[in-house]
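What follows is one structure encoded as structure tokens, with my remarks underneath.
The values are calculated or read from the model by the stated rules, or taken from the named source; none is laboratory data. Keep in mind that this is a model prediction, so the values were computed, not measured. Because the Cβ atoms are built from the backbone with ideal geometry, glycine has one as well, and the counts that use them run over all protein chains shown.
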Amino acid sequence: MDNIILRCDNNINGIFTAIYDAFVYKNQMQKENHEVYRDNISIEIGIGGNYTLFSKMIDIETDEVKVQKTILTIQKKLGFKIYETVFDALCHYSDNRATIVLGFLFRAFKVGQRIMEHMTDKYVMEVFELSRKVNKEADKIRGFIRFSDNGNYLLARFEPKCDMIPVVMWHFVDRYPGENFVIYDDRRRYAVVHPRLKECFYINESEFKQLERSVPVKTDSFEQLWKVYFEHTDIRERFNPQCQRNLCPKWYRKNMVEFT
């Protein structure tokens, strides 16, 4: 069987669309060649990439219908817990995350929820490792993210290593249901907007900048109050920078008001 590389958009919906098409191509290849599938379908995320000799490159266009079908099938046949594991793994920054999840799902749909027991399989082990790292960073983000009040909405900016907005946004929706807030990812250049008591939606970088320009710059008095509190509540004699770096890595401090 020929090797197939599916190239999709660099976002969750693009990857789910590619996963849907990968199963279609897999079934077609097996019917035509009557051979056992040997992990010869991979997914490349974003534009560019290296062409491989004797491989067929196919560009995949994001399709919301295919996205919903893929999500519902995973939840129905494998359970919500495995879906969460897959979703978290796709939020990792690894360039191979889509191919890893694809290999995992090919195996999972064969054995069902017992896939959780197959930790010796390469794809299963890698999916759980990606998911574990995403959840580890999400725990830090929930504590380190800082909102500022510009008078119209609460704004938080951060630069996570993994794609954290889809993972942590619901935590803040539950925490601030009656607030207008925006969380912007400076690394991936998109944001989630939460109008009070309404559904969230995503905006791109240009839309975010337009939103910023529409609101006059205003000093948040609580930011200054928090800085003063932070500076005057520590015990100088017990200052331990190494312990502080372990608990609050420098990577996250650039967007924490008490360190700026």
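Could you say which residue among LYS76, LYS66, LYS81, LYS122 is farther than 29 Å from PRO160 by Cα, out of contact with any strand residue (DSSP E or B) (no Cβ under 9 Å at 6 or more places or on another chain) and among the basic types (Lys, Arg)?
On the way: LYS66 fails: farther than 29 Å from PRO160 by Cα; LYS81 fails: farther than 29 Å from PRO160 by Cα; LYS122 fails: farther than 29 Å from PRO160 by Cα.
Sole residue among the options that is farther than 29 Å from PRO160 by Cα, out of contact with any strand residue (DSSP E or B) (no Cβ under 9 Å at 6 or more places or on another chain) and among the basic types (Lys, Arg): LYS76.
Count, please, the residues in segment 74-105 that happen to be in contact with a Lys or Arg (Cβ under 7 Å, 6 or more places away or on another chain) and not hydroxyl-bearing (Ser, Thr, Tyr).
The number of residues fulfilling the criteria is 3.
For beta carbons closer than 8 Å, sequence separation of 6+ or different chains, a first residue in segment 112-125 that is within 12 Å of THR85 (Cα to Cα) and aliphatic (A, V, I, L, M) and a second that is exposed (fewer than 12 other Cβ atoms within 10 Å of the Cβ) and at pLDDT below 95, the qualifying pairs are MET125/MET119.
If only one of PHE158, PHE144 is over 14 Å from the mean Cα position of the chain (by Cα) and either farther than 28 Å from GLY103 by Cβ or free of Cβ contacts under 8 Å to residues at least 12 places away in the same chain (or both), which one is it? Even if it seems obvious, please write down each step before you answer.
On the way: PHE158 fails: over 14 Å from the mean Cα position of the chain (by Cα).
None of the other options fit; the residue is PHE144.
Across segment 30-44, a minimum of one residue is classified as touching a residue at least 12 places away in the same chain (Cβ under 8 Å) and under 21 Å from ARG188 (Cβ atoms).
The helices (runs of 4 or more DSSP H) found wholly in segment 60-147 and carrying at least 3 residues that are under 18 Å from ASP39 (Cα atoms) occupy 97-111, 122-144. Among the residues of segment 227-244, are any within 27 Å of the chain's Cα centre (by Cα) and under 27 Å from ILE165 (Cα atoms)? Yes, the conditions are met somewhere in segment 227-244. Looking only at residues in segment 60-94 that are surrounded by fewer than 16 Cβ atoms within 10 Å (Cβ to Cβ) and either at pLDDT below 95 or among the aromatic types (Phe, Trp, Tyr) (or both), which one is nearest to the chain's Cα centre (by Cα)? Applying the filter and picking the extreme gives TYR93.
Inspect segment 113-126 for any residue being within 28 Å of TYR190 (Cα to Cα) and either surrounded by fewer than 17 Cβ atoms within 10 Å (Cβ to Cβ) or among the basic types (Lys, Arg) (or both) and give the result as yes or no.
Pass one, segment 113-126, residues within 28 Å of TYR190 (Cα to Cα): 126.
Then keep just the ones that are either surrounded by fewer than 17 Cβ atoms within 10 Å (Cβ to Cβ) or among the basic types (Lys, Arg) (or both); that gives none.
Looking through segment 113-126, none of the residues is within 28 Å of TYR190 (Cα to Cα) and either surrounded by fewer than 17 Cβ atoms within 10 Å (Cβ to Cβ) or among the basic types (Lys, Arg) (or both).
Within segment 148-155, is even one residue free of Cβ contacts under 8 Å to residues at least 12 places away in the same chain and charged (D, E, K, R)? For segment 148-155, residues free of Cβ contacts under 8 Å to residues at least 12 places away in the same chain and charged (D, E, K, R): absent.
Out of THR52, THR99, one residue alone is surrounded by 12 or more Cβ atoms within 10 Å (Cβ to Cβ), of a type in the set (Ser, Thr, Tyr) and modelled with pLDDT under 95. It is THR52.
Which residue out of PHE222, PHE172, PHE201, PHE208 is out of contact with any helix residue (DSSP H, G or I) (no Cβ under 7 Å at 6 or more places or on another chain), in contact (Cβ under 8 Å) with a residue 12 or more places away in the chain, surrounded by fewer than 16 Cβ atoms within 10 Å (Cβ to Cβ) and not small (Gly, Ala, Ser)? I'd like the intermediate steps shown before the answer.
Numbers: PHE172 fails: surrounded by fewer than 16 Cβ atoms within 10 Å (Cβ to Cβ); PHE201 fails: in contact (Cβ under 8 Å) with a residue 12 or more places away in the chain; PHE208 fails: surrounded by fewer than 16 Cβ atoms within 10 Å (Cβ to Cβ).
From the options PHE222, PHE172, PHE201, PHE208, the qualifying one is PHE222.
Considering only residues that are aliphatic (A, V, I, L, M) and loosely packed, with under 13 Cβ neighbours inside 10 Å, look in segment 234-260 and name the one that is modelled with the highest pLDDT. Among them, the one singled out is LEU247.
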